[in-house]
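The values are calculated or read from the model by the stated rules, or taken from the named source; none is laboratory data. Please read these numbers as outputs of a predicted model, since none were measured by experiment. Here Cβ is always computed from backbone atoms with ideal geometry, including for glycine, and neighbour counts include all displayed protein chains. Side chains are part of the model used for accessible areas, which takes the heavy atoms of the whole protein and leaves out ligands, DNA and RNA. Shrake-Rupley method; radii C 1.70, N 1.55, O 1.52, S 1.80 Å.
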Amino acid sequence: MKLFISYPSAQRDLAARLALALEAEGHDVFHDRSDLQAGEAFHQRLREAVAASDAFVFLITPEAVAPGSYTLAELEFAQAHWRRPSGHVLPVMVVATPIAALPPYLSAVTILQPRGEMVAETVAAVAKLKPAASGKGLKIGLGLAVAVAAAGGLGYAGMQRNTAETLRQEQQAVQQRDTAQAASAKQLCTDGSYAAALAQLNTLAARTAPPPLPPAVLAAREDCAMLWLRDMRAVEGQQTFAEQVAQAEPALMQALPTATGARAADLRAHIGWGEYLRGRGGLVGLEPQRHWQHALADDATNPYAHAMWARQMLDRADNLPQARKLFARAVAGARSRPKTLPFVRALQLGGSISGSTELTAYALAVADEMRRGNEPIPERSKQRLWTYAFATRMLRADERSVLLEALPPAQLLSTSEVLYPAGSLPASQGDLWQFNRGIVLAQAGERDAAREAFEAVVKSMRKARSTGSLLDESQRALARLADPAAR
């Protein structure tokens with residue numbers, strides 16, 4: 001059997017899959033994908049293709065039977081070739097179409113209305129067609145006629161060998177295009193244009209026609225949504241947390257049913273983070289913890305779930321002991337996934353620096369741990385730590401004692417020198433820098449160097465005729481150093 005498949009352009013992908021399925025059954029496939037021009041020569045080629053066929057498959061849709069369509073013209077050629085359609089014409093209902101709208105020639109035979117997989121049922125129905133053999137034997141082939149229904153339409157039919165290879169190349173080209181577009185969107189996402197990037201990736205993910213999307217495309221979509229959630233900000237008068245989460249979360253929810261292990265845990269952790277952000281935006285009754293619990297059931301070492309849960313706990317200072325344990329697990333998990341470590345550190349520092357004195361002391365301990373691990377400390381974190389710890393709390397005796405107990409003296413000295421080496425702060429902060437240097441030197445037992453630092457502060461402030469707590473605390477520190485019994 002040589003087959004002629006007639007279909008409107010909207011069903012081109014379905015017809016291509018049908019062609020491949022028939023070829024897999026052992027058929028020789030003929031397919032002409034050259035650009036055909038309308039006119040008598042074109043119609044003649046269609047007529048010849050139908051006449052050379054043993055059977056005619058007609059994919060029924062409302063467009064296929066619309067007046068003026070090329071598919072109806074192809075059906076007329078079939079009717080001219082076979083006065084009786086039985087045994088030669090196989091109508092297949094692809095899109096629900098009223099029977100009354102079908103040409104009498106089509107409705108004169110049983111219409112295949114697939115209940116399951118359309119391609120499989122159509123291949124099975126084709127196998128039951130058994131037209132008489134010609135003198136040249138039964139050379140099985142396939143001719144595809146393409147009817148284009150837009151703007152007056154352009155159709156073509158023909159027989160060209162190597163259809164399977166042609167389709168394979170076309171599908172490969174589609175997948176390469178998808179991959180390139182995903183890479184472009186991924187870069188857009190990395191650059192911070194999250195909404196635009198995710199919209200482009202959503203468009204790619206919505207494509208249902210074959211070939212299937214490369215896994216990297218869907219992975220890029222999920223990664224972009226998670227990146228957006230990790231970097232999400234709410235600005236008054238612009239988008240709220242809830243509005244942004246509503247855009248990012250669907251990609252994660254759609255991926256979750258088929259995800260396993262660490263990937264499933266990452267998705268669940270970020271879904272929980274979205275719930276947490278909604279709560280910060282004012283919504284009540286949310287329970288992000290349950291998502292983090294499920295994430296840790298999927299991956300007990302997941303750094304995102306541990307860190308996000310710990311960050312939520314830092315919203316209450318009395319949760320600091322438990323938060324520290326969770327952050328420690330997050331850091332341990334991130335050691336095997338280094339790219340996650342900066343985010344864990346950002347949550348540690350961001351949730352503690354500007355909090356209570358105890359939280360700020362914890363931020364100092366985190367900075368020390370980062371120093372000892374040769375991890376870069378962001379400049380913004382250094383600036384905030386200076387503001388909330390060294391430039392304010394170190395000047396108040398009760399709060400200073402809490403900060404000094406955060407670390408062993410030698411470690412505090414080393415960390416302060418890494419955070420704020422000489423000349424790293426504006427000149428206006430010079431006296432304050434000297435004071436803090438004197439404090440940590442004294443704490444480390446380097447009394448002479450500490451005395452020099454405090455004397456430099458007193459000398460500078462007296463020269464500028466300045467007064468205030470900085471001068472007072474520097475003089476008290478010198479008095480303590482002068483007392484051999486003072487620590």
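Which shape class, rounded, prolate or oblate, goes with region 189-293 when its Cα gyration tensor gives a ≥ b ≥ c as root eigenvalues, a/c under 1.5 marks rounded, and past that a/b bigger than b/c marks prolate? Judged from the Cα gyration tensor, region 189-293 comes out oblate (a/c at least 1.5, b/c at or above a/b). Within the accessible area of region 437-487, the carbon and sulfur atoms contribute 47%, probe 1.4 Å, all protein chains present.
Put a dot 7 Å past the Cα of Q239, heading toward its Cβ, do the same for E48, and the two dots end up 5.7 nm apart.
Note on V284: accessible area is roughly 130 Å² with a 1.4 Å probe, heavy atoms of protein only.
Assuming 0.36 nm per residue, please report the length gained on full extension of the stretch S336 to D472 beyond their Cα-Cα distance. Gain on stretching S336 to D472: 44.1 nm.
For the chain, the longest principal axis of the C-alpha atoms and the axis of helix 288-298 are separated by about 70°. Annotation: average projected area of region 266-327 is 3.9 square nanometres, based on the convex hull of Cα atoms across all directions.
Straight-line reach from K186: taking Cα to Cα under 19 Å and skipping same-chain neighbours fewer than 8 places apart, the aspartates and glutamates in range are D178, E222, D223, D231, E249, D266.
Rolled with a 1.4 Å probe across the full set of protein chains, the surface gives R47 an accessible area near 90 Å². Between A183 and R84, the simple label model (points 7 Å from Cα in the Cβ direction) yields a spacing of 6.0 nm.
Against the main long axis of the alpha-carbon atoms of the chain, helix 357-372 sits at an angle near 70°.
Accessible surface ranking for V174, V366, 1.4 angstrom probe, highest first: V174, V366.
When a 1.4 Å probe is rolled over the protein heavy atoms, the share of accessible surface on region 199-322 that falls to carbon and sulfur comes to 53 percent. Extension gain, A219 to D191, is 8.3 nm, computed as 0.36 nm per intervening residue step minus the present C-alpha separation. Ranked by the mean number of other Cβ atoms within 10 Å of their residues, highest first, the peptides 348-354, 121-127 come out as 348-354, 121-127. Per-residue Karplus couplings for region 319-330, computed as 6.51 cos²θ - 1.76 cosθ + 1.60 with θ equal to phi - 60°, are listed in order as 8, 4, x, 5, 4, 4, 5, 5, 5, 4, 5, 4 Hz, Gly and Pro entered as x.
Modelled this way, with points 7 Å down the Cα-to-C-beta line, the labels at A449 and K463 are 2.3 nm from one another.
Rolling a 1.4 Å probe over the heavy atoms of the protein chains gives the chain an accessible area of 49 Å² per residue.
Once the Cβ-Cβ distance of A246 and A317 is raised to the sixth power relative to R0 = 30 Å, the FRET efficiency obtained is 0.45. Expressed as an acute angle from 0 to 90° and rounded to the nearest 10, what is the orientation of the C-alpha long axis of helix 40-51 relative to the principal long axis of the chain? Helix 40-51 sits at roughly 80 degrees to that axis. Taking a ≥ b ≥ c as the square roots of the eigenvalues of the Cα gyration tensor, region 195-253 is classed as prolate, since a/c reaches at least 1.5 and a/b is larger than b/c.
Pull out a ≥ b ≥ c, the square roots of the eigenvalues of the alpha-carbon gyration tensor of region 346-433, then state rounded if a/c is under 1.5, prolate if not and a/b is larger than b/c, and oblate in the remaining case. The shape class here is rounded. For the pair Q169 and A24, the difference between a 0.36 nm per residue extended length and the Cα-Cα distance amounts to 50.5 nm.
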